[in-house]
Every structure is written in structure tokens, then in C-alpha cells.
Amino acid sequence: PKGLPPAVAQKIHAAVLKTLADPAVVKQLEGTGGVASPTAQPADLKRFVQSQVAKWKRWWPRPTSLSNEVLAERVLSPPQHGAPP
């Protein structure tokens, strides 16, 4: 999202790379027609997401109701195990 703090983008990117390094995740993605395509930099992911949003905007016209601050808080401070989200 616009204004997303760089630290949050970096943390999301690291989590995506870690997830896509798991062969079971790749197999599941490919089994549903997805493609595991890790990016080298968060900016690459940003460009990809922007291109996909533009491509699919007619099917997804509403932005998220969560503010950047709420998203940042949830990413940087995930709930403790067993705590409600």
C-alpha cells in the first residue's frame, strides 16, 4: 500500500522468500495453477503487485479497509501464539 514503511516491506519480502523456498509450498502453488516467482528486491514485488492490481482492477474495485498503520502494526508485531489476531 502507498506509504507502507520500508521496514514492513522488507519484512514481508523476507517472509515471502522464506515461504517460496519451501518445496511443499511451491508444489501446492503449482498444483492450483500458481507460479512460485520470488523476486530479488521488495521493489520488484511492488511492481509486480501494481501490475496485477491494474490488470485485475475490474474484478477487485475496492481497496482494503485496513490502514497502512494497522497493516504495519500487524506485520511488525504479530500476535503471540494463542493470542487472538
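The values are calculated or read from the model by the stated rules, or taken from the named source; none is laboratory data. Predicted model only: the values in this text are computed from it and were never measured. For neighbour counting, all protein chains shown are included, and Cβ atoms are generated from backbone atoms with ideal geometry for every residue, glycine included. Calculation scope for accessible area: heavy atoms of the full protein, side chains included, ligands and nucleic acids excluded. Shrake-Rupley method; radii C 1.70, N 1.55, O 1.52, S 1.80 Å.
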Of all residues in the stretch 25-52 being assigned to a loop (DSSP other than H, G, I, E, B) and of a type in the set (Ser, Thr, Tyr), which is nearest to Ala14 (Cα to Cα)?
Thr39
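One line per residue, one yes/no per condition, for (1) out of contact with any strand residue (DSSP E or B) (no Cβ under 7 Å at 6 or more places or on another chain); (2) of a type in the set (A, V, I, L, M); (3) open to solvent by 70 Å² or more (accessible area, probe 1.4 Å); (4) modelled with pLDDT of 65 or more:
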{"site": "Lys27", "(1), (2), (3), (4)": "yes, no, yes, yes"}
{"site": "Glu30", "(1), (2), (3), (4)": "yes, no, yes, yes"}
{"site": "Ala36", "(1), (2), (3), (4)": "yes, yes, no, yes"}
{"site": "Lys46", "(1), (2), (3), (4)": "yes, no, yes, yes"}
{"site": "Trp60", "(1), (2), (3), (4)": "yes, no, yes, no"}
{"site": "Ala72", "(1), (2), (3), (4)": "yes, yes, no, yes"}
